[in-house]
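Undergrad: Handing you a structure now.
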Amino acid sequence: MSNNPLVNLSGLGQSIWLDNIDRQILLDGTLQNLIDNDRLAGLTSNPAIFEKAIAHGAAYSDAIAELKASGADTNTLYQQLILSDIGRAADLFRPVYDASEGRDGFVSIEVSPLLARDTEATLREARSLWQELARPNIMIKVPGTHEGIPAVRQLLVEGINVNVTLLFSVGRYMEAMSACMDAMEARQAGGLPIDHIASVASFFLSRIDVKVDQMLDDISGSSSPQADMAQEFRGRAAIASAGFAYRRFLEAMDTPRWKNLEAAGARPQRLLWASTSTKDPQYSDVKYVEALIASDTVNTLPMATLQAYRDHGDPQMRIKAAIESASSVMHSLADLDIDMGKVDQELEQEGIEKFVQPYESLLNTLASIGAPA
């Protein structure tokens, strides 16, 4: 066993991906070191990450100036910058992809958050990104909204790897899982191979606790007879939701439907734990890693969380506790009049908005560079 907790997670069947990208870590060897020394197995990105990297970093100045000088408009400028970074990252991870026979080594790029409610526009942009990047270890991130799920199915039918993102509820997750199986069956029916297509379902965690904890704090601060009970359940909603989701995954993997697909070479759509940085300083900085160690899962970590886990993580298979406590936690939240269905709906809409804002901010920043004062 290694003395590096990140390395030991892979021995428990969990892959660690990085939830971050910027040109500096691509150029200075940081990302390659993480792959070599921490067994980093993939990378995810989103509009907020690119906004932080491009608008607030110096590594892009020369590329922006060159593209501006060539007459690139703002949208072209944005696309060229992110495609360049994603392509470089995918090339660094290609040996991981090859060595794992297509299980890991993926780099995810998201369709525009402006398209989250538009199935056809999502399909057009996803196909364009896939064709532009032209690498087998790319994953296209598609929001798991009501409009996004049909796009997920169709893209997988076409052989495009998909990361279904912004999942907050078990119901939406099951829709994503069903869409993946539907797509594999459709390819089978058309005589197409299914052994090289990959998908993950990104289940967001810390945002659930942030919203539910606010509601629990309101109850705790009131004269309600349930005040003490509310305090007891702070920080438990996200892990419980994840426990339910993983139980559904295990159940699906034990069905005749999946067994038939598996026999034909299909790979499971793994659950990916996302939004894993702890927002509340009262909680451990590795809270959403320790509690959800499970086989056939991915955990995508921001750099600070990855470094924290390397420093003081304690890898042990703990998912069973999350599964076993999930039902009682959810019943208790219901007893406190917390409607998790409503919470999930609000989080989905807020999740879209949290990506739209930095996306639009970055486009405005790029448009202003070099413009007359």
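Undergrad: Might you check whether a residue that is surrounded by fewer than 17 Cβ atoms within 10 Å (Cβ to Cβ), at pLDDT below 90 and more than 18 Å from the chain's Cα centre (by Cα) occurs anywhere in the range 44-55?
TA: Yes, some residue in the range 44-55 is surrounded by fewer than 17 Cβ atoms within 10 Å (Cβ to Cβ), at pLDDT below 90 and more than 18 Å from the chain's Cα centre (by Cα).
Undergrad: Would it be correct to say that Leu306 is closer than 19 Å to Phe244 by Cα, among the aliphatic types (A, V, I, L, M) and either modelled with pLDDT of 95 or more or not in a helix (DSSP H, G or I) (or both)?
TA: no
Undergrad: Restricting attention to the range 10-20, which residues are modelled with pLDDT under 95 and hydrophobic (A, V, I, L, M, F, W, C)?
TA: Residues satisfying the conditions do not exist here.
Undergrad: When you scan the range 328-368, how many residues do you find that are among the acidic types (Asp, Glu), surrounded by 19 or more Cβ atoms within 10 Å (Cβ to Cβ) and farther than 29 Å from Ile109 by Cα?
TA: Of the residues in the range 328-368, 0 are among the acidic types (Asp, Glu), surrounded by 19 or more Cβ atoms within 10 Å (Cβ to Cβ) and farther than 29 Å from Ile109 by Cα.
Undergrad: I'd like the full set of residues that are part of a helix (DSSP H, G or I) and loosely packed, with under 13 Cβ neighbours inside 10 Å, limited to the range 64-86.
TA: Once the filter is applied, which keeps residues that are part of a helix (DSSP H, G or I) and loosely packed, with under 13 Cβ neighbours inside 10 Å, the range 64-86 yields Ala65, Glu66, Ala69, Asn75.
Undergrad: Looking at the range 113-133, I want the residues that are surrounded by fewer than 16 Cβ atoms within 10 Å (Cβ to Cβ) and have a partner that is part of a loop (DSSP other than H, G, I, E, B) with Cβ atoms under 6 Å, at least 6 apart or on another chain. Which pairs are those?
TA: Every condition considered, the pairs that remain are Arg117/Glu147.
Undergrad: May I ask you to verify whether Met139 is over 30 Å from Ser327 (Cα atoms), within 15 Å of the chain's Cα centre (by Cα) and buried (at least 24 other Cβ atoms within 10 Å of the Cβ)?
TA: yes
Undergrad: Of everything in the range 309-342 that's over 24 Å from the mean Cα position of the chain (by Cα) and acidic (Asp, Glu), which residue is nearest to Gly243 (Cα to Cα)?
TA: Looking at residues that are over 24 Å from the mean Cα position of the chain (by Cα) and acidic (Asp, Glu), I get Glu324.
Undergrad: Then there's this: Please specify each residue of the range 37-63 satisfying the condition of being closer than 22 Å to Ser202 by Cα, assigned to a helix (DSSP H, G or I), touching a residue at least 60 places away in the same chain (Cβ under 8 Å) and of a type in the set (A, V, I, L, M).
TA: The one that is closer than 22 Å to Ser202 by Cα, assigned to a helix (DSSP H, G or I), touching a residue at least 60 places away in the same chain (Cβ under 8 Å) and of a type in the set (A, V, I, L, M): Ala48.
Undergrad: Quickly run through the range 135-177 and pick out the residues that are touching a Leu at 6+ places or on another chain (Cβ under 8 Å), in a strand (DSSP E or B) and not β-branched (Val, Ile, Thr).
TA: Across the range 135-177, the qualifying residues are Pro143, Asn163.
Undergrad: Something else now. Hey, Ala89 hits all of (1) surrounded by fewer than 23 Cβ atoms within 10 Å (Cβ to Cβ); (2) more than 22 Å from Glu175 (Cα to Cα) but one; which does it fall short on?
TA: The one condition Ala89 does not meet is (1).
Undergrad: Now for a separate question. Just to be sure, is Ala240 buried (at least 18 other Cβ atoms within 10 Å of the Cβ), part of a helix (DSSP H, G or I) and not hydroxyl-bearing (Ser, Thr, Tyr)?
TA: For Ala240, the condition - buried (at least 18 other Cβ atoms within 10 Å of the Cβ), part of a helix (DSSP H, G or I) and not hydroxyl-bearing (Ser, Thr, Tyr) - is met.
Undergrad: Could you list, in sequence order, the residues of the range 60-83 that are more than 20 Å from Leu114 (Cβ to Cβ) and of a type in the set (Gly, Ala, Ser)?
TA: Of everything in the range 60-83, those that are more than 20 Å from Leu114 (Cβ to Cβ) and of a type in the set (Gly, Ala, Ser) turn out to be Ser61, Ala63, Ala65, Ala69, Ser70, Gly71.
Undergrad: Looking at the structure I just gave you, is Ala245 over 21 Å from Pro5 (Cβ atoms), modelled with pLDDT of 95 or more, surrounded by fewer than 18 Cβ atoms within 10 Å (Cβ to Cβ) and small (Gly, Ala, Ser)?
TA: no
Undergrad: Follow-up. Condition test on Asp285, is it buried (at least 16 other Cβ atoms within 10 Å of the Cβ), among the acidic types (Asp, Glu) and under 18 Å from the mean Cα position of the chain (by Cα)?
TA: no
Undergrad: Give me a count of the residues in the range 98-112 that are on the phi < 0 side of the Ramachandran plot and either buried (at least 22 other Cβ atoms within 10 Å of the Cβ) or among the hydrophobic types (A, V, I, L, M, F, W, C) (or both).
TA: Looking only at that region, the number is 8.
Undergrad: Would you point out which residue out of Ala90, Ala116, Ala126, Ala121 is in contact with a Lys or Arg (Cβ under 6 Å, 6 or more places away or on another chain) and of a type in the set (A, V, I, L, M, F, W, C)?
TA: So the residue among Ala90, Ala116, Ala126, Ala121 that is in contact with a Lys or Arg (Cβ under 6 Å, 6 or more places away or on another chain) and of a type in the set (A, V, I, L, M, F, W, C) is Ala90.
Undergrad: Can you tell which of Leu9, Leu18, Leu34 is in contact (Cβ under 8 Å) with a residue 12 or more places away in the chain and either in a strand (DSSP E or B) or more than 27 Å from Pro268 (Cα to Cα) (or both)?
TA: Matching residue, one of Leu9, Leu18, Leu34: Leu18.
Undergrad: Give the residues of the range 181-213 that are under 26 Å from Leu301 (Cβ atoms), more than 16 Å from the chain's Cα centre (by Cα) and either among the basic types (Lys, Arg) or crowded, with 22+ Cβ neighbours inside 10 Å (or both), sorted by residue number.
TA: Hits for the range 181-213 are Ile197, Asp209, Lys211, Val212, Asp213.
The values are calculated or read from the model by the stated rules, or taken from the named source; none is laboratory data. Computed from a predicted model, the values in this text were never measured in an experiment. Don't worry about glycine lacking a Cβ; one is built from the backbone with ideal geometry, like all the others, and counts go over all protein chains shown.
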